[in-house]
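Everything below concerns the one structure shown next.
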Amino acid sequence: MTKPTTVAEYVASLPEAQQPVAQRLAALLDAGLPGVPGVLWQGHPVWKDGPEPVAGFKAFPRWVSLLVWDGAAAGDTTGTLALSPRGMGTVKLSSLDDLDEPAVTAWLAGVAASRA
């Protein structure tokens, strides 16, 4: 199989069990970051505002990680967005049951507002 070159190809290349999570994340990122395109960057989907990565996701063998570059701006009130020492927010999603869509929508709104 050839390497994916688009977000849709990346999602289609994932194991069947991960595709629903990746598809839903792509839709949430598109909706939550209007005008910020999703591209493949460093081998996985990232929504970039010009040269700056804003959010994205990456598949691992047992989960898909949502990545929010400025995790502090997301304003997480759920306690589920883990912040790295450099400020990136991540959450591991093994299935759609793990995906808190209202929380992700709120995080993306926080990030979008901080960039306005």
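The values are calculated or read from the model by the stated rules, or taken from the named source; none is laboratory data. Note that this is a predicted model, so its numbers are computed, not measured. Because the Cβ atoms are built from the backbone with ideal geometry, glycine has one as well, and the counts that use them run over all protein chains shown.
Within region 103-116, is there a residue that is exposed (fewer than 12 other Cβ atoms within 10 Å of the Cβ) and in a helix (DSSP H, G or I)?
Here is the first cut: in region 103-116, the residues exposed (fewer than 12 other Cβ atoms within 10 Å of the Cβ) are 113, 116.
Of the ones still in play, those that are also in a helix (DSSP H, G or I) are 113.
Taking every residue of region 103-116 in turn, at least one turns out to be exposed (fewer than 12 other Cβ atoms within 10 Å of the Cβ) and in a helix (DSSP H, G or I).
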From the options L81, L96, residue that is under 30 Å from T5 (Cβ atoms), of a type in the set (A, V, I, L, M) and surrounded by 14 or more Cβ atoms within 10 Å (Cβ to Cβ): L81
Just checking, how many residues over region 55-72 are farther than 15 Å from W107 by Cβ and either among the aromatic types (F, W, Y) or surrounded by 14 or more Cβ atoms within 10 Å (Cβ to Cβ) (or both)? 5
Can we say G79 is over 14 Å from the mean Cα position of the chain (by Cα) and more than 21 Å from S13 (Cα to Cα)? yes
Are any residues in region 1-29 in contact with a strand residue (DSSP E or B) (Cβ under 7 Å, 6 or more places away or on another chain) and surrounded by 15 or more Cβ atoms within 10 Å (Cβ to Cβ), and if so, which ones? P4, V7, Y10, L14, Q18, V21, A22, L25, A26, L29
Residue count, region 64-79 (criterion: of a type in the set (S, T, N, Q) and either at pLDDT 95 or above or not in a loop (DSSP other than H, G, I, E, B) (or both)): 1
P61 fails exactly one of (1) of a type outside the set (K, R); (2) touching a helix residue (DSSP H, G or I) at 6+ places or on another chain (Cβ under 8 Å); (3) in a loop (DSSP other than H, G, I, E, B), namely (2)
Does any residue of region 35-54 turn out to be surrounded by 13 or more Cβ atoms within 10 Å (Cβ to Cβ) and closer than 20 Å to A17 by Cα? yes
Scan region 83-95 and tell me whether some residue there is small (G, A, S) and over 25 Å from P15 (Cβ atoms). yes
Can you pull out the residues in region 1-56 that are β-branched (V, I, T) and either over 14 Å from the mean Cα position of the chain (by Cα) or under 17 Å from K92 (Cβ atoms) (or both)? T2, T5, T6, V21
Looking for something in a loop (DSSP other than H, G, I, E, B), in contact (Cβ under 8 Å) with a residue 60 or more places away in the chain and within 17 Å of P102 (Cα to Cα) - is there at least one such residue anywhere in region 26-33? yes
Among the numbered criteria (1) over 16 Å from F57 (Cα atoms); (2) of a type in the set (D, E, K, R); (3) under 14 Å from the mean Cα position of the chain (by Cα), which one does D100 miss? (1)
